[in-house]
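S.K.: Quick one: the structure is below, questions incoming.
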Amino acid sequence: MNKKLITLAGAVLALGLTGCANNDEMKQNVADLNTKIDNLTNQVSALSADVSDLKASQAETAAEAQAAKEMAAEAAAEAAKANERVDNVVSSYKK
């Protein structure tokens, strides 16, 4: 049983080593993969910068919208006060 196991292990080791015999092709494949990884890394960096810009723009737009909302509320309050004054002036005059 041990001889079969040792023989099997030797055969697997020999097949594994013959698979690695073509180092030049493997190096080229690794270089190609590294190039692709570098390209993807650059794309991710560019997209991350774009996302940061969009987040900043969205925050600025949200702040402007909030300011516009506050100004609209102030204008509505002023209009209500003006209407009340007009109503008071009109009600004081009678024929």
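The values are calculated or read from the model by the stated rules, or taken from the named source; none is laboratory data. A quick note: this is a predicted structure, and the numbers were derived from the prediction, not measured. Positions of Cβ are generated from backbone atoms using ideal geometry, with glycine treated the same way; all protein chains shown enter the neighbour counts.
S.K.: Out of region 10-34, which residues are polar (S, T, N, Q) and modelled with pLDDT under 70?
M.R.: Passing the criteria: THR18, ASN22.
S.K.: Looking only at residues in region 86-95 that are of a type outside the set (Ser, Thr, Tyr) and surrounded by fewer than 10 Cβ atoms within 10 Å (Cβ to Cβ), which one is modelled with the highest pLDDT?
M.R.: ASN88
S.K.: While we're here: Among (1) at pLDDT below 80; (2) exposed (fewer than 10 other Cβ atoms within 10 Å of the Cβ); (3) within 45 Å of the chain's Cα centre (by Cα), where does LEU5 come up short?
M.R.: (3) is the only condition that LEU5 fails.
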